[in-house]
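Step one of this worksheet: look at the structure below.
Where a number appears in this text, it was derived from the coordinates with a stated rule and is not lab data. This one's a predicted model, so the numbers in the text were calculated from it and none came from an experiment. In this analysis, Cβ positions are derived from the backbone assuming ideal geometry, glycine residues included, and neighbour counts consider all displayed protein chains.
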Amino acid sequence: MAAANTGPVAGRIAELDPAIVHAGGLDDTAAALHDVPVAKARLGQRKAFMQALISSQAITEFDRPSSKAVGEIMALFREVRSKLQ
């Protein structure tokens with residue numbers, strides 16, 4: 001797989017084995033990126049994410065606040081926000 005961008009991160013991403021990524025080996029994927037920061041928050045492959053996208057809504061608009069999808073996206077948001085402060 002060739003990377004569109006030739007920077008160091010793009011090169012590492014291009015080297016990832018798609019089977020590892022799709023098989024749920026997220027820790028292996030993060031390890032393959034070495035020194036590239038990788039979020040600890042994980043987003044599952046949820047039907048709600050796809051349905052929200054199709055309806056042109058954010059998951060927080062589309063799904064109930066107590067859903068797993070909203071919980072995952074909020075965990076990612078909090079983690080990114082904490083890194084930016």
Quiz item: Distance in nm between label sites at Val80 and Lys47, each 7 Å beyond Cα in the beta-carbon direction?
Solution: 2.6
Quiz prompt | 3J(HN,Hα) from dihedral phi, the range 41-52, Karplus parametrisation 6.51/-1.76/1.60, rounded to Hz, x for glycine, proline | solution = 5, 10, 9, x, 8, 10, 4, 4, 4, 5, 5, 5
Self-check item: Cα→Cβ-extended label distance, 7 Å offset, between Ser55 and Ala31, nm
Solution: 4.0
Practice problem: Among the lysines, select those whose C-alpha is under 26 Å from the C-alpha of Lys83, and discard any that sit fewer than 8 residues away in the same chain. | Solution: Lys40, Lys68
